[in-house]
1. What residue, of 114, 109, 155, is assigned to a helix (DSSP H, G or I) and over 23 Å from residue 80 (Cα atoms)?
2. Is at least one residue of the range 142-156 buried (at least 21 other Cβ atoms within 10 Å of the Cβ), touching a residue at least 60 places away in the same chain (Cβ under 8 Å) and over 15 Å from the mean Cα position of the chain (by Cα)?
3. Within the range 46-57, does at least one residue satisfy the condition of being more than 27 Å from residue 180 (Cβ to Cβ) and modelled with pLDDT under 90?
4. Here are some conditions: (1) assigned by TED's automatic domain parsing to the domain that holds residue 221; (2) within 17 Å of residue 206 (Cα to Cα). Residue 138 meets all but one. Which one does it not meet?
5. Only residues in the range 71-94 that are over 16 Å from residue 203 (Cβ atoms) count as the first member; pair them with residues that are at pLDDT 85 or above and buried (at least 18 other Cβ atoms within 10 Å of the Cβ), Cβ under 6 angstrom, at least 6 apart or cross-chain, and list the lot.
6. Restricting attention to the range 7-20, report how many residues are in contact (Cβ under 8 Å) with a residue 12 or more places away in the chain, surrounded by fewer than 18 Cβ atoms within 10 Å (Cβ to Cβ) and in a helix (DSSP H, G or I).
7. Any idea which of (1) more than 13 Å from residue 191 (Cβ to Cβ); (2) touching a strand residue (DSSP E or B) at 6+ places or on another chain (Cβ under 6 Å) is the one residue 265 doesn't satisfy?
8. Determine, yes or no, whether residue 132 is under 25 Å from residue 96 (Cβ atoms), within 18 Å of the chain's Cα centre (by Cα) and assigned to a helix (DSSP H, G or I).
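The values are calculated or read from the model by the stated rules, or taken from the named source; none is laboratory data. As the structure is a computational prediction, the values presented were derived from the model and not from experiment. Cβ atoms come from the backbone with ideal geometry, glycine included; neighbour counts cover every protein chain shown.
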């Protein structure tokens, strides 16, 4: 019986559903116990995994496919890299900012952004090609219909009549939102979004399906409660509050995740996340699921 469905974000292409579940579950369990003394068995949790849809075909080189500044494409990839650079520079003194509000129009400026991000604690341990690859996955989700459809179908198949809570992280929050909007026949679900880019204008918000109208996005019909959680230093969650764009019923909460602001594990162990999950699970118990 899957009561909680988890939805991951970018850069998970070399893992699998059980690998990720084993990584997430201890933190999810700790968050529930620390916040509310609630336990949840691992067989009540599942991972809606789609990372393999982004896994590249085999190639002769070792490691990740070779990518450099010249491979960054105009549009989403460059704009996203620029946003990460600007946000990291605002949060960390060690990261040199662009100095102007100019967009990244040449490989030289793109290389400056990549060099600056290499000094960021947020991107610590990520190679230049991994940063580029992460931006590319976001672009592919929004511009390649077969990828978008495939990703969404993975989540849709994971949700059953036993599902009470969907916990989504990073790009996974976009996936969860779009799938929930597409399935008005579902009901009584709690949505918890962590490190979400959903409200980032000129990059994510306007590309959502269904399209926002006059700056306001549709409320996903199956959702009875929505809690959005962000760390102030999370470079991906550039807009911390979703309520102004998605509805006043959203509960926006700030947490402190330490140096790894976007890491899913401190998000899951946060008291705020544990309380939101505990409330939903108690509601489900009361309803007699």
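1. 155
2. no
3. Within the range 46-57, the subset more than 27 Å from residue 180 (Cβ to Cβ) is 56-57.
So of that shortlist, the ones also modelled with pLDDT under 90 come out as 56-57.
Yes.
4. (1)
5. Correct list of pairs: 91/233.
6. 1
7. Every condition holds for residue 265 apart from (2).
8. Details: under 25 Å from residue 96 (Cβ atoms): yes; within 18 Å of the chain's Cα centre (by Cα): yes; assigned to a helix (DSSP H, G or I): yes.
So residue 132 passes the test.
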